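Data first, discussion second: the structure below is written as structure tokens.
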Amino acid sequence: MAGSTFGQLLCVTNFGESHGPAIGCVVDGCPPGLPLSAGDLQPDLDRRKPATSRHVTQRRESDRVEILSGVYQGVTTGTPIALLIRNEDARSSDYSDLAETFRPSHADYTYWRKYGVRDPRGGGRSSARLTAPMVAAGAIARKWLAQSFGTRIRGHLQQLGDVTVPFESWDVVDANPFFAADMECVPLLEEKLDALRRSGDSCGAVIRVVASGVPAGLGSPLYDKLDARIAYAMMGINAVKGVEIGAGFAAASQLGSTHADELTPDGFASNNAGGMLGGISSGQDIEVRLALKPTSSIRLPRRSVDLQYRAVTVSTQGRHDPCVGIRATPIAEAMLALVLMDQALLQRAQNAEVRHDLAPLPGSIPE
């Protein structure tokens, strides 16, 4: 299947199905000498895994990652790193009645039209379960970036359905199941998700991801712009329907005198550009937002057709997140880490000899 490999120098090839024996990926291009163990990857997988609260799917998967190759005596060797995550709690019988029909808003119909055959169990290759290997791979990139540049990548929930979640502090993001940066909103979010689950419906979400400590110079003009690569990565995440960089769509209503990020001896005065100018990182924080659609698999009856295009009604049973955006934060963080490491390796390959007399301009002026 084309489209299962991500990246240029840091290449991640994803494999498996939601209800197959295992899922995983092969990470090729990681430099040698990086201290690495399964313990470095597991915390990010634990943040993404199912059944962490009553508000997400109750599929019981430990998501324990195994490193099969590419690491010797605790460090990477420069050879492909194979990561394996075994599926432990698949209930394929939940999907037996979907083999002859198509779930609305799901990939069932398009997969069938493209390949002539599809795996209906949990969505097969189109399942969000396939994001788990990317989170594991992203943990490798996150560690390499932190060691090489001091880069830090963090994300949080900005909106759940029609509920806007204010930003108060990064310190509380991992202290609640929503990755919300405001603990006072958590009861309201719990109430909304409980009501959605009872009704059988679903909602969407908005996630914000920020990378700080990113070196200036990553990315290329025109078609390999850093923002283009980031948008490509984010749109590859299941259910993502929109991506904004910096001011995003708000830039359309700004004046040039407002939008332009002025440069001063003390640094940039603002960051409407989202940390990139001309497709190249400026050294400011990388600012990304992504919008995720409501979960496609819901209990409420929906109109569809069967394999002969006869009218049917579909009601999807099984275990599903009422909002896929709840667990999307660590996924978005991982994909941003993979893009930044890939671009850093490309920058090193082409421009390792570029030197400047002056240090990079500082980031945005603090408030």
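The values are calculated or read from the model by the stated rules, or taken from the named source; none is laboratory data. These numbers come from a predicted model, not from an experiment. With ideal geometry, Cβ positions are generated from the backbone for all residues, glycine too; neighbour counts draw on all protein chains shown.
Can you name every residue in the range 1-30 that is modelled with pLDDT of 95 or more, within 13 Å of Ala132 (Cα to Cα) and among the hydroxyl-bearing types (Ser, Thr, Tyr)?
The answer is Thr13, and nothing else.
Which one is farthest from Pro215 (Cα to Cα) among residues in the range 342-367 that are in a loop (DSSP other than H, G, I, E, B) and at pLDDT below 85?
Glu367
Here's a check for you: in the range 31-74, which residue that is polar (S, T, N, Q), within 18 Å of Ile85 (Cβ to Cβ) and within 20 Å of the chain's Cα centre (by Cα) is modelled with the highest pLDDT?
Gln42
Inside the range 156-185, can you point out the residues that are buried (at least 19 other Cβ atoms within 10 Å of the Cβ), more than 27 Å from Ala344 (Cβ to Cβ) and of a type in the set (Val, Ile, Thr)?
Val165
With the checklist (1) under 30 Å from Pro360 (Cβ atoms); (2) assigned to a strand (DSSP E or B); (3) among the polar types (S, T, N, Q) in hand, flag the one item Thr313 doesn't pass.
So Thr313 meets the others, but not (1).
Search the range 205-224 for residues being closer than 30 Å to Cys323 by Cβ and out of contact with any Cys (no Cβ under 9 Å at 6 or more places or on another chain), and hand back the single one that is surrounded by the most Cβ atoms within 10 Å (Cβ to Cβ).
At the first step, the residues of the range 205-224 found to be closer than 30 Å to Cys323 by Cβ are 205-212, 214.
Filter again for out of contact with any Cys (no Cβ under 9 Å at 6 or more places or on another chain), leaving 206-212, 214.
Values: Val206: 19, Ile207: 26, Arg208: 21, Val209: 24, Val210: 20, Ala211: 25, Ser212: 15, Val214: 28.
In this case the residue turns out to be Val214.
Just give me the residues in the range 318-352 being in contact with an Asp or Glu (Cβ under 6 Å, 6 or more places away or on another chain) and crowded, with 22+ Cβ neighbours inside 10 Å, in sequence order. Steps first, please.
Kept after step one, since they are in contact with an Asp or Glu (Cβ under 6 Å, 6 or more places away or on another chain), are these residues of the range 318-352: 318, 330.
Selection gives Pro330 alone.
Contact list please: Cβ distance under 8 Å, first residue in the range 136-155 and crowded, with 24+ Cβ neighbours inside 10 Å, second residue assigned to a helix (DSSP H, G or I) and among the polar types (S, T, N, Q), pairs at least six apart or on different chains.
Gly155/Thr329
Among the residues of the range 226-240 satisfying the criterion of being buried (at least 18 other Cβ atoms within 10 Å of the Cβ) and not aliphatic (A, V, I, L, M), which is farthest from Ser148 (Cα to Cα)? Write out each step before concluding.
Of all residues in the range 226-240, those buried (at least 18 other Cβ atoms within 10 Å of the Cβ) come to 226-227, 229-231, 233-234, 237-240.
With not aliphatic (A, V, I, L, M) added as a condition, the list becomes 227, 229, 238.
Values: Asp227: 21, Arg229: 21, Asn238: 30 Å.
Applying the filter and picking the extreme gives Asn238.
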